[in-house]
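Below is one structure, written out as structure tokens; the observations come after it.
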Amino acid sequence: MRKILVTLVIFGLCGLGRAEDKAGVQKRLNNAAEVLQAITKEPDKGIPQDVMKDAKCVAVVPHMVKAGFGIGGQHGKGVATCNVNGAWSAPAFLTLSGGSAGFQIGAEGVDLVILVMQEQGMQALLSDKFQVGGDVSAAAGPVGRDATAATDWKAHPILTYSRTKGAFAGISLNGAVMSQDKDSTQAFYGKTMDSKQLLAGEMQAPPDAKDFLNAVAEAKTTASSKGSH
């Protein structure tokens, strides 16, 4: 019964994310850039510089919806890019959905940042669909300047973060399923492309992705320069 209720909640949340036109997808890119810019401005309270510096891929899900009554669900649409030979790839669009058994009432918007730290995580992201924590190990990422003193985070191919009301924290997304957002891909690029084509650098990033990719590059550059001191 619990599994049925979780499925129904997720189905209802998925109904909130109707197919978008290019303007809607562009807005998501801009929102993702804003989330990354906020991280860059508050390194003492956000993602540690050592973590950001080592990230191979960066995915952002702005304003993921978490909702439920007794049994919760979550659904959101995001965007990802990977570092290919020193340059950030054309963005790939994704959906993230999954159930949570915690007691929840009402709805809450959460910004998510997902960092791929190892090759195993990158290969999962290149696929059209995978389960976080199931197909590949994932963990809530450390937060704050001195949080990387412990090396536990280095054992996980994927680290996950959330931002709620301006505060960043590590969050567990184990059990959530990430899959390619084919409708948004079609809307943005005007044709069907799979995640691997985009994230592996097989297509040049379009000008409309400039602000998002610049935000990723800035976050990485800031982390690299400060981490080297």
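The values are calculated or read from the model by the stated rules, or taken from the named source; none is laboratory data. Everything numeric in this text was worked out from a predicted model, so none of it was measured. Cβ placement follows ideal geometry from the backbone for every residue including glycine, while neighbour counts extend to all protein chains displayed.
Miscellaneous remarks
- Looking only at residues in region 83-106 that are assigned to a loop (DSSP other than H, G, I, E, B) and modelled with pLDDT of 95 or more, the one that is farthest from Asp194 (Cα to Cα) is Ser89.
- Gly227 falls short on exactly one of the conditions (1) of a type outside the set (Ser, Thr, Tyr); (2) in contact with an Asp or Glu (Cβ under 6 Å, 6 or more places away or on another chain); (3) at pLDDT 90 or above, and that condition is (3).
- Qualifying positions in region 181-226 - under 21 Å from Leu115 (Cβ atoms) and among the acidic types (Asp, Glu): Asp181, Asp211, Glu218
- Conditions (1) at pLDDT below 85; (2) surrounded by 15 or more Cβ atoms within 10 Å (Cβ to Cβ); (3) assigned to a helix (DSSP H, G or I): number failed by Ala187: (1)
- Across region 156-182, the number of residues qualifying as surrounded by fewer than 19 Cβ atoms within 10 Å (Cβ to Cβ) and farther than 17 Å from Ala32 by Cβ comes to 10.
- Leading residue by the ranking (nearest to Ala32 (Cα to Cα)) among those in region 115-138 that are in a strand (DSSP E or B) and under 13 Å from the mean Cα position of the chain (by Cα): Leu115
- Among residues that are touching a residue at least 12 places away in the same chain (Cβ under 8 Å) and within 19 Å of Met64 (Cβ to Cβ), Ser184 is included.
- Qualifying residue in region 69-82 (condition: surrounded by 19 or more Cβ atoms within 10 Å (Cβ to Cβ) and modelled with pLDDT under 50): yes
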